[in-house]
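The values are calculated or read from the model by the stated rules, or taken from the named source; none is laboratory data. Predicted, not measured: the structure shown is a model, and the values here were computed from it. FYI the Cβ positions are ideal-geometry reconstructions off the backbone, even for glycines, and counts take in every protein chain you see. Heads up: the accessible areas ignore ligands, DNA and RNA and are worked out on the full protein's heavy atoms, side chains in. Shrake-Rupley method; radii C 1.70, N 1.55, O 1.52, S 1.80 Å.
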Amino acid sequence: MNKSSIHFKNIKNTSQSHNLRLRDFDYVRKNLTPLNKSYGELLPHKDIIAELKNLIKEKTGRSAQKRTKILIEGVFLFKKEHTNQELFKVAKEFGRKFKINILELHIHRDEGHYHKETGVWTPNFHAHIVSENVDRKTGKTVKWNREDLSLIQDFFAEELKMQRGEKSGKKHLNSLEYKIKKEYENLKKVMTKSENTELLLLQSQMFGDYINEELNFQAKVKYLEYSKNHPSRKKFDEKMAELRRREKENRIKKRNNRGLKKL
């Protein structure tokens, strides 16, 4: 039995070109693309985001932060038997029930993959919901907690009459989050062995350069506050004090040696 699933993320710059098939994709069968269906006014996302940023400024008196999720996109699975009208009704009811303004619905029946050995095509039936993530009355962004997200999963399973995906405490990782997780795992491996000193130094250099060049003042202050209370902070400060003491002794030693040569 097919399991339902829906995950939300911030809109991408390439979302519309993907959803409207304005580019070619190796996982898409072009002969099936006519089976796709899109609903909504399909206005340029940059124009909608600009409008909502102005609304946020007007309502709250503050500019939207760079990381503010203004438009979000949810992808949910469905079965071959579902009609476009049924999926449209589900998306509309989702917006009504969870008080969110749905802008677009894109139903995709042309994605999937061929089995490497048998050559059999396995379709990936899914739809994209694009919605505003800003309350137009208050100018504040909509924030769902874990309970809300669980209720949303329940909603799509019930409405689509599909088995609900298993509940899990694990956070769904997108490709970027997965890469970050692997990078952190690699760093932990480097830190556990003394022979990896060179790798650790390179990692420290990259991290230091990133802090200096990319992080704003507020983020740097936040990191300093975090590191101040870290369990390793005391040992780090002791080692740094020892390093400074040795460097000072070496400078004095070099200066004295230069003085002796002049005699």
Query raised in the report: Hey, among the residues in the range 173-201 that are among the aliphatic types (A, V, I, L, M) and either at pLDDT below 75 or closer than 23 Å to L224 by Cβ (or both), which one's least open to solvent (accessible area, probe 1.4 Å)?
Result: V190
Query raised in the report: Which of the residues spanning the range 128-169 are within 30 Å of D110 (Cβ to Cβ), basic (K, R) and free of Cβ contacts under 8 Å to residues at least 12 places away in the same chain?
Result: K161
Query raised in the report: Quick check: anything in the range 209-222 open to solvent by 100 Å² or more (accessible area, probe 1.4 Å) and not in a helix (DSSP H, G or I)?
Result: yes
Query raised in the report: Restricting attention to the range 65-88, does a residue exist that is over 24 Å from N2 (Cβ atoms) and surrounded by 20 or more Cβ atoms within 10 Å (Cβ to Cβ)?
Result: yes
Report summary line: For the range 223-245 the number of residues that are of a type in the set (S, T, N, Q) and not in a helix (DSSP H, G or I) is 2
Requested in this report: Go through the range 119-169 residue by residue and tally those that are of a type in the set (K, R), more than 16 Å from K99 (Cα to Cα), touching a helix residue (DSSP H, G or I) at 6+ places or on another chain (Cβ under 8 Å) and open to solvent by 60 Å² or more (accessible area, probe 1.4 Å).
Outcome: 1
Report task. Using the structure shown, decide if K116 is open to solvent by 60 Å² or more (accessible area, probe 1.4 Å) and either at pLDDT 95 or above or hydroxyl-bearing (S, T, Y) (or both). Result -> no
Report summary line: Expected output for the range 106-124 (first residue over 15 Å from K30 (Cβ atoms), partner open to solvent by less than 90 Å² (accessible area, probe 1.4 Å) and of a type in the set (A, V, I, L, M), Cβ below 7 Å, 6+ apart or cross-chain) is H106/A127; I107/L87; I107/A127
**Report entry** Single residue of the range 16-50 satisfying the filter (in contact with a helix residue (DSSP H, G or I) (Cβ under 7 Å, 6 or more places away or on another chain) and part of a helix (DSSP H, G or I)) that is least open to solvent (accessible area, probe 1.4 Å)
**Finding:** H45
Query - Residue ranges of strands (runs of 3 or more DSSP E) in the range 86-131 with at least 1 members under 14 Å from G74 (Cβ atoms) - result: 102-108
Query - Filtered residues of the range 70-85 (kept if touching a residue at least 24 places away in the same chain (Cβ under 8 Å) and not small (G, A, S)) - result: I70, L71, I72, E73, V75, F76, L77, F78, K79, K80, H82, N84
